[in-house]
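Participant: The structure is given below, and queries will be raised subsequently.
The numbers here are math on the coordinates, done by the rules we state, and not lab data. No experiment lies behind these values; they were computed from the predicted model shown. In this analysis, Cβ positions are derived from the backbone assuming ideal geometry, glycine residues included, and neighbour counts consider all displayed protein chains.
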Amino acid sequence: MKSLKGKTVFVTGASSGIGRATALAFAREGARLLLCARRLERLEDFRQALVEAGAPEVHVFALDVQKRSAVEKALRELSSEWQEIDVLVNNAGLSRGLTKLQEDDPQNWEEMIDTNIKGLLYVTRAIVPGMVSRERGHVINLGSTAGYITYANGAVYCATKAAEKAISQGLKIDLMGTPVRVTSVDPGMVETEFSSVRFRGDEQRAEKVYQNITPLQPEDVADAIVWAASRPAHVNIHNILMTSIDQANSTVFHRHS
Ligand code: NDP
Ligand code: 8X3
């Protein structure tokens with residue numbers, strides 16, 4: 001097992017759900033944490049818990065990964081002690097709506113594509129060259145069961161996660177000959193703010209998603225991410241496809257009566 005103590009881990013979208021749980025899990029391993037999201041106050045409130053859990057240092061900053069020039073500027077202007085990122089977790093992401101494609105609002109598509117695909121690319125492009133030149137690093141992307149099988153009314157969200165799968169595979173190929181690793185962690189349903197964001201704050205509709213079913217918890221996904229990051233340096237975990245016991249794929253669920 002590779003120790004993560006003192007390693008610098010950058011998690012995008014750490015203000016909620018899987019990103020937040022992942023930051024905490026890396027803190028418990030003694031990693032230094034660099035965290036971003038749009039809601040800076042949430043990250044600031046979270047900082048003390050991370051230090052208490054074991055993170056020797058925590059730096060948080062506001063960033064909207066949809067904005068290319070903001071991503072480039074923020075990462076270029078990081079102070080020297082935060083420049084050498086060992087693990088990048090491209091977690092920031094969202095879904096908007098659950099609607100037939102022909103009836104959907106294109107604004108929903110823009111948000112999902114700009115965040116889940118373009119945002120991931122902007123952050124990766126800014127950080128991976130440094131990993132290559134330092135001859136160490138690991139990129140861990142959040143995929144989904146939605147990237148394997150498209151479900152009804154979710155064409156564009158599923159397309160963004162299929163794109164994440166292709167990008168993770170392509171990045172691995174392009175990094176051949178370097179020691180930089182690439183992993184895609186691909187969960188099924190996880191109980192986070194994801195559905196509340198998808199339904200723009202309609203909590204009743206969001207709660208129904210998780211009714212009569214055991215979803216994954218964000219900590220389950222965080223465990224898998226830390227496991228992938230802590231494999232020996234010569235081991236590259238390509239994918240971790242994971243669901244709760246009540247899910248077979250993105251369309252087959254077992255709901256308790
Ligand atoms: P949450 O809504 O709980 O968390 C999403 C995080 O992403 C928040 O911290 C949010 O922060 C951040 N984020 C969203 N947009 C941006 C942006 N433009 N710039 C920076 N940060 C952003 O959802 P999850 O934890 O469930 O989702 C995390 C990832 O996991 C996503 O990529 C999602 O697609 C993926 N996933 C989720 C599954 C699920 O069932 N929940 C299953 C499979 C994959 P803020 O709003 O403060 O910017
Ligand atoms: C999130 C899981 O099934 O809600 O990627 O799309 S799902």
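Participant: List every residue pair whose Cβ atoms sit under 8 Å apart, with the two residues 6 or more apart in sequence or on different chains, where the first one lies in the stretch 215-229 and is more than 16 Å from residue 3 (Cβ to Cβ) and the second, anywhere, is charged (D, E, K, R).
Facilitator: From the stretch 215-229, the pairs are 215/191; 215/246; 216/191; 217/191; 218/20; 218/191.
Participant: Same structure again: So, in the stretch 52-93, exactly how many residues are under 23 Å from residue 5 (Cβ atoms) and of a type in the set (A, V, I, L, M, F, W, C)?
Facilitator: Number of matching residues: 10.
Participant: Might you let me know whether the stretch 153-174 holds any residue that is within 17 Å of residue 8 (Cα to Cα), surrounded by 14 or more Cβ atoms within 10 Å (Cβ to Cβ) and away from ligand 2 (no atom under 14 Å from the Cβ)?
Facilitator: No - not one qualifying residue is present in the stretch 153-174.
Participant: With the requirement that a residue be among the polar types (S, T, N, Q) and either more than 9 Å from ligand 1 (Cβ to nearest atom) or in contact with a Lys or Arg (Cβ under 8 Å, 6 or more places away or on another chain) (or both), what does the stretch 89-144 give you? First the steps, then the outcome.
Facilitator: So the first thing to find is which residues in the stretch 89-144 are among the polar types (S, T, N, Q), and the list is 90-91, 95, 99, 102, 107-108, 115-116, 124, 133, 141, 144.
Within the stretch 89-144, 95, 99, 102, 107, 108, 116, 124, 133, 144 qualify.
Participant: Here's a follow-up. Please tell me if residue 150 is more than 8 Å from ligand 1 (Cβ to nearest atom), in contact (Cβ under 8 Å) with a residue 60 or more places away in the chain and part of a loop (DSSP other than H, G, I, E, B). Spell out how you get there, then give the answer.
Facilitator: On the way: more than 8 Å from ligand 1 (Cβ to nearest atom): yes; in contact (Cβ under 8 Å) with a residue 60 or more places away in the chain: yes; part of a loop (DSSP other than H, G, I, E, B): yes.
So residue 150 passes the test.
Residue-wise test of (1) more than 16 Å from ligand 2 (Cβ to nearest atom); (2) surrounded by 15 or more Cβ atoms within 10 Å (Cβ to Cβ); (3) of a type in the set (Ser, Thr, Tyr).
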site: 65; (1), (2), (3): yes, yes, no
site: 69; (1), (2), (3): yes, no, yes
site: 72; (1), (2), (3): yes, no, no
site: 79; (1), (2), (3): yes, no, yes
site: 82; (1), (2), (3): yes, yes, no
site: 88; (1), (2), (3): yes, yes, no
site: 93; (1), (2), (3): no, yes, no
site: 101; (1), (2), (3): no, no, no
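Participant: Applying the selection to the stretch 116-137, what residues are over 13 Å from the mean Cα position of the chain (by Cα) and not in a loop (DSSP other than H, G, I, E, B)?
Facilitator: Within the stretch 116-137, the first condition is being over 13 Å from the mean Cα position of the chain (by Cα), and the residues that meet it are 118, 122, 125-137.
The answer is 118, 122, 125, 126, 127, 128, 129, 130, 131, 132, 133, 134.
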